[in-house]
Amino acid sequence: MSEKEIDIQRLRRLKNKANALPLTPGVYLMKDARGQILYVGKAKALKNRVGSYFTSQQHNLMTKVRAMVANVEDFDVILTDTEQECLLLECSLIKQHAPKYNILLKDDKGFHYLRVTPPPWSNFYEAKQIADDGAQYLGPYTSAWLVNQAVDAVKKIFRLPQCAKVFPRDIGKSRPCLNFFIGLCSAPCAGKIKQEAYVQCVADALSFLKQGESKAMEELQNRMEKAAEALDFENAARLRDSIKAMEQLSRRQKVVNSSYKEQDVFAVVREREKSCLCVLRFADGKLTDAEHFIIDTPCGEELPEVSRGAKIGSLPEARRELLLRYYTMREFIPRRIVLDGETADISLLAAWLSEKAGRKISIALPEKGEALRLVEMCRANAAQYLAQHMGRQGKTTAALDELAGVLGLPTPPTRIEAYDISHTGGAQNVAGMIVFEDGVPLKRAYKRFQIRTVDGADDYASMAEVLRRRLKHYVDEKDKNDGFGCLPDLILLDGGQGQIHAAQPILKEFALPVPLFGMVKDSRHRTRAIALDGGEISLTVKRAAFALVGRIQEEVHRFAIAYHRQKRGKATMSGTLTQIDGIGEGRAKALLKHFKTMQKIRAATVEELAAVPGMTEPAVRAVYNYFNNKTGT
C-alpha cells in the first residue's frame, strides 16, 4: 500500500471518529503516534470543529494546521457543560502540556538592575545581574524597558556621557561630541566640567531615581535659588538646565498618558512566517512597560468557516489564544484591556479574566479617540520590533500590515505589482509594470509593454491586454520562480472601477486568486482611495498604508510615462530620418539602434555609417550629405 493510500485511510479513520462526537462544548487533544499531545483546542460543537481538520480538502488548511494534521494519529476529547468551563480547561491543559502547535509565549521576565559605576566618574547602565565589581545596583526591576527608560532619562536630564569613553582615563583626549553642543552632555572628555560638579550631577540623578520626579524637581529648585543668592551662577545655570530637561521629559511622557489609570494595550503585526505581539502597560495613567513577543507560527491566514465559531488559524482566534497565554503568565490584570481588532470568544475572555482578577475586566476595540491612538502606537512598536527581528524597516512593516487590514487580506502582501497605461491621444501606447517587494521597489523586476492589439486611446482594453500577457508569461515560466514566474500577492492598477472591471475577467480566465484593486487619484493627481468592485476604500485615515500606496502609484506612473516619452522620442527621430532619400522605416530603426542618438548620426563619418547593417553606399551618401550639406535641419 502506498504512503498516499495509508494517509487517506488515516484521515478517513479520524474523520469517522470525529463524526461520532456530540454537538456539545468541549476540549480536544490532538496526539501523534507516540501519544504526545500536539495541539489543544476548544469548540462549541466538538463534532463540527474536530471533523473540519480531517477533510479531504487538506490544501484549504493553513500551513501550520496541515503540518499538525499530518502528524495526528489519534485525538481525545473532554466534554464540558459550558463554554466558560471549556475555555478554562483549554487554558489549563495548554499551560500544563505546552503543545507544539499551540501559540506559546516565552516569558522572559527576569530581573533587571540599574547599575551605577564606582565614583567619582560614575555613570548609569542597565544590567541583568549583580556582579562583584564595586558598582552600586538599584533594583531588582521586572521590566528591562523601564530600566532602559530610566537610564536614558537621567543621562539626558543630568547631562551625563552617553558614549563608551572611560573616565578619568579619557579626560582631555578628545573634543566634545555633538551631545555637548546640544546640551545633552557635560563633556568630561574635554574637561568641560569639574570633578566636584560631576559628582553632584550623579548624586542628583540618584535622588531623582529614588525620590521621584516631583521631589527631585522641588529639591533642585531650592538649590538653584540658593546658588543664585550666593552668586554661584555657574551652579545655578546647571541646576536650571536640569530642571528644564526634567520638565521636557515630563511633557513628552504626557503624550503617552492614558485617561485610564490602569490598562494594557495589545497589537499584533504579521509577516508571512512570523508575527509580533506588543503589549503597552499603563499604571497610574502613565506608560510603565512595553513587552514584545515574536511568534514563529503564522497567525494570519483565513480559512473556510467551520461551525459557528472563529475560523481555524484566523487572526481573531489567534488574538484569543495570545491573550490566554499572556495572562496565564501574569498575576496582575488591569481593569481595562484594549485590543487592535476582533477577537474570538471576547465575552468568554472577559468573564475568564474577571474571574481570575476577582473584579470586572472590560475589553475594548476602539475606533476613534485616545484609545485608537494608543493602539496605533502599540502597532507601530510591534512593527518596529518585528522589522528589526526580520532585518527590515519598521515603517514598511507597519504599512504592509495596515494595508492588509484595510484591504481584508489574510497576510501582509510581500510582493505587490502595479500597472499604468501611458499614451498621447492613443499614439505610442505603452504600459509599465513595477514590483514592490517587502514594501520597497524591486527595480530588476520592472517590465515594459508595448500595446499591440488596441488602436486609439482605450485604457481599459490596453490594461486587459497587458494583464493577459503578464499572466500568460506566469503560466509559461512559473517553474522558474523568478521574473514573470513569480505570482504577486496583490495587484494594483492605476485607475478606478473601470480598470478593475476590465482586468477581473482576465484573472478569472487564468483561475488565479490574486487580490486586485485600483488606485484612485484626486484632482491634484494624488492618491485618494483604493477602488474595489462596487466602491472605494478611503486611505486618508490610514497614514502608513496611504503613504505606501501613494509611493507605488507615483512610481508606476513615472515608469510608464518615461517609457512612453522614450517611444515618442524615437518616433520623432525616426520620422526625421525617413525624410532622407533611400531611408525607410527599417534603415531608420537600424541607424537609431546603432548610434542611439541623432547627434551621433549627425556627426558620423561615411565609414561609420557604412558599418550599420542594411546600409548601401547610396544610402550612406544620402545620410552623410543630408546632415553635412544641410546643417540646422
Next on the checklist: Looking at S314, S242 in this structure, which one is out of contact with any helix residue (DSSP H, G or I) (no Cβ under 9 Å at 6 or more places or on another chain), modelled with pLDDT of 55 or more and over 15 Å from I337 (Cα atoms)?
Outcome noted: S314
Checklist outcome for this item: Selection over region 320-347 where residues are free of Cβ contacts under 8 Å to residues at least 40 places away in the same chain and either among the aromatic types (F, W, Y) or part of a helix (DSSP H, G or I) (or both) yields a count of 5
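Condition first: surrounded by fewer than 22 Cβ atoms within 10 Å (Cβ to Cβ) and part of a strand (DSSP E or B). Now tell me which residues in region 29-48 satisfy that. Even if it seems obvious, please write down each step before you answer.
Residues of region 29-48 surrounded by fewer than 22 Cβ atoms within 10 Å (Cβ to Cβ): 29, 31-38, 44-45, 47-48.
Matches in region 29-48: L29, K31, I37, L38.
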Next on the checklist: Please count how many residues of region 170-204 are within 19 Å of A236 (Cβ to Cβ) and either under 39 Å from the mean Cα position of the chain (by Cα) or outside any helix (DSSP H, G or I) (or both).
Outcome noted: 5
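Restricting to region 176-225, count the residues that are among the β-branched types (V, I, T), in contact (Cβ under 8 Å) with a residue 60 or more places away in the chain and farther than 28 Å from L146 by Cβ. Even if it seems obvious, please write down each step before you answer.
Let us first name the residues in region 176-225 that are among the β-branched types (V, I, T), namely 182, 193, 199, 202.
Still in the running and in contact (Cβ under 8 Å) with a residue 60 or more places away in the chain: 199, 202.
Then keep just the ones that are farther than 28 Å from L146 by Cβ; that gives none.
Residues in region 176-225 being among the β-branched types (V, I, T), in contact (Cβ under 8 Å) with a residue 60 or more places away in the chain and farther than 28 Å from L146 by Cβ: 0 in total.
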Checklist outcome for this item: Among residues of region 432-479 being in contact with a helix residue (DSSP H, G or I) (Cβ under 6 Å, 6 or more places away or on another chain) and aliphatic (A, V, I, L, M), the residue farthest from T411 (Cα to Cα) is V454
Checklist outcome for this item: Within region 373-421, restricting to residues that are polar (S, T, N, Q) and surrounded by fewer than 24 Cβ atoms within 10 Å (Cβ to Cβ), the one that is nearest to R319 (Cα to Cα) is T411
Checklist entry - With respect to Y125, is the statement that it is under 22 Å from N222 (Cα atoms), modelled with pLDDT of 85 or more, outside any loop (DSSP other than H, G, I, E, B) and touching a helix residue (DSSP H, G or I) at 6+ places or on another chain (Cβ under 7 Å) true? => result no
Checklist outcome for this item: Within region 418-439, residues under 23 Å from the mean Cα position of the chain (by Cα) and at pLDDT below 90 come out as D438, G439
Checklist outcome for this item: All conditions in (1) modelled with pLDDT of 85 or more; (2) buried (at least 19 other Cβ atoms within 10 Å of the Cβ); (3) closer than 30 Å to A398 by Cα are true of I601 except (3)
Next on the checklist: Let me confirm something: among V268, V199, which residue is at pLDDT 85 or above and either small (G, A, S) or closer than 18 Å to F124 by Cβ (or both)?
Outcome noted: V199
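The values are calculated or read from the model by the stated rules, or taken from the named source; none is laboratory data. Predicted model, so just to flag it, every value in this text is computed and none were measured. Glycine also receives a Cβ, built like all others from the backbone with ideal geometry; neighbour counts cover every protein chain displayed.
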